[in-house]
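Below you'll find the structure, written out as structure tokens, and then a few comments.
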There are 2 protein chains.
Amino acid sequence: MGDPVGSRGVVSRRRGVEKIVVVLSGGVDSATLLYDLHHRGHPLKCLSFDYGQRHRREIESARKLAESVECAHVAVDLTSLAPLLAHNSLSGRNCEIPEGHYAEESMKQTVVPNRNMIMLSIAIGWAIDLEFDAVAYGAHGGDHAIYPDCRPAFADAMSTVAGLCDWRSIALRRPFIDLDKGQIVRRGYELGVPFELTWTCYNGRQRHCGKCGACHERKEAFATQGLCDPVPYEEEAVEG
Amino acid sequence: MGDPVGSRGVVSRRRGVEKIVVVLSGGVDSATLLYDLHHRGHPLKCLSFDYGQRHRREIESARKLAESVECAHVAVDLTSLAPLLAHNSLSGRNCEIPEGHYAEESMKQTVVPNRNMIMLSIAIGWAIDLEFDAVAYGAHGGDHAIYPDCRPAFADAMSTVAGLCDWRSIALRRPFIDLDKGQIVRRGYELGVPFELTWTCYNGRQRHCGKCGACHERKEAFATQGLCDPVPYEEEAVEG
């Protein structure tokens, strides 16, 4: 396999090696991002967000993943924002998580208003305070048209604003932007990412539901690579 | 006096009258902004932030100001961010508030990393959730070179990103950008802003200290307009 991260220039802006705040959700993409940047020798600190999401157990996954590479990890409590961002099924409590693929209209319910800008703005603030060089996040080529703040134009505008918010410019790194989720899983497999620690499902139950858009996509990503997904799914429990 | 707000086009992008989330710190600028937009008939909701600032009593000022025009007001608890943004004298506890004018080097201690992007991103998220049209904040022409996120280039970049973060563009309004603080005080006086309710001082004691950069600027603004500042200052208490 090639070198997708290096080719995006993560270490190209050398002042030594970039020090990076990693936005770590605890899912497959950010777990692989963490391992990739760790593998390349970047000093890292990890940041997660509790915004009242149903699947807040992903934060515990993030903590374990950070611990597995001996990185500092902070989980920020943004639950006071939940009443402001209530009309969605991830952090709101008046609607159910829809089943099916991301492409379907109902998945628009899972858009948390301006989530990416809020998370990135806090990560950038921390990077400034730490005198770090960059913030990295796991946006990838498969990110979905239903999420307006996954669009490349949004990400480019965020990069511009991150360059202006302090006297010392903070870089935004999206090293997986040209990969699809299957390629990220492949990269993570090669890096030894402990995928059994990751959490993807939008429902925050004991096991992954296997039916929400996030689960569908995860299962497809492993399947296309011919790799085994180590997390248990609810359907398997029923079958067994 | 002219019509500085109208001339900046606050009501020009009519879908009816714009519904606006107002970032309300509880100081002179945002109080005047609230009264100005209320006077123009905009449906408004007000948003304040507790980020662990010493002068968090400004939030109580904001609440009273919103109440005085019968606007909904929400104060968001961001105190969990304080450890991430610790190396400043507003929310950090290991350094003192410097005395003197903004221009002085020591005032750089009062820069809270990326505060404006964090606040605006949350306000934008709420505006999306409310199906409002815009976010307004009280940036003005006198905002200081020591604050990188008060630069026009930063504000322009934020406007771009606010236009891309959702399918329905959110406008960022800075109607006072061409005014200095004296002109804002004058406008507030004409609108009947209850300045006795506002809070400016970076020290959060019983009275305004009169010595920090924020107090210096406030006193000068009233003085240049020949207006009386109704808030009591510590120095007066000593004198009396």
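With a simple spin-label model that places each label point 7 Å from the Cα along the Cα-to-Cβ direction, the separation between A:GLU190 and A:GLU60 comes to 3.3 nm. Amide H to amide H, with H built 1.01 Å from N, A:CYS46 comes under 5 Å of A:VAL22, A:ALA72, A:HIS73, A:VAL74, counting only residues 5 or more places away or on other chains.
Under a model in which nothing but the beta-carbon of Lys, Arg (+1) and Asp, Glu (-1) is charged, segment A:111-187 shows a dipole of about 280 debye around its Cα centre. Each other copy places its own label point for B:CYS150 at 3.9 nm from this one, sorted shortest first, where the point lies 7 Å along the Cα-to-beta carbon line.
Here's how it looks for A:ALA171: its modeled amide H is under 5 Å from those of A:ALA134, A:VAL135, which are all 5 or more places away or on a different chain.
Placing dummy labels 7 Å off each Cα toward the beta-carbon, the span from B:TRP167 to A:THR79 is 3.2 nm. Shown for A:TYR189: label points 7 Å from Cα along the beta-carbon vector, and their distances to the equivalent points in the other copies, 7.4 nm in ascending order. Legend: calculated FRET efficiency, B:GLU131 to B:GLU70, from the Cβ-Cβ distance at R0 = 30 Å, rounded to 0.05, equals 0.90.
Using the Cβ-Cβ distance between A:ARG205 and B:LYS19 with R0 set to 41 Å, the FRET efficiency from 1/(1 + (r/R0)^6) comes to roughly 0.60.
List the residues, sorted by chain then number, that are 5 or more residues from B:SER25 or on another chain and whose placed amide H is less than 5 Å from its amide H. Close amide H contacts, sequence-distant or interchain: B:SER30. Local charge for A:ALA223 was computed over the other residues whose Cβ lies under 15 Å away, with Lys and Arg +1 and Asp and Glu -1, and equals -2.
Counting partner chain Cβ atoms within 10 Å of every residue's Cβ in A:74-85, what's the average? Display every interim value, and only then the final one.
Working: counts 4, 1, 5, 5, 6, 2, 10, 8, 0, 4, 13, 5.
Mean shielding by partner chains, rounded to a whole number: 5.
Across identical copies of the chain, B:GLU236 has label-point separations of 7.2 nm, listed in ascending order, with the point defined 7 angstrom from Cα along Cα→Cβ.
Each Lys or Arg adds one and each Asp or Glu takes one away; over the other residues whose Cβ falls under 14 Å from the Cβ of A:ASP50, this sums to +1.
Coordinate-derived values only; no laboratory data. Here the structure is a predicted model, which means the values were calculated and not measured. Counting neighbours? That spans all protein chains shown, and the Cβs are built from the backbone with ideal geometry, glycine included.
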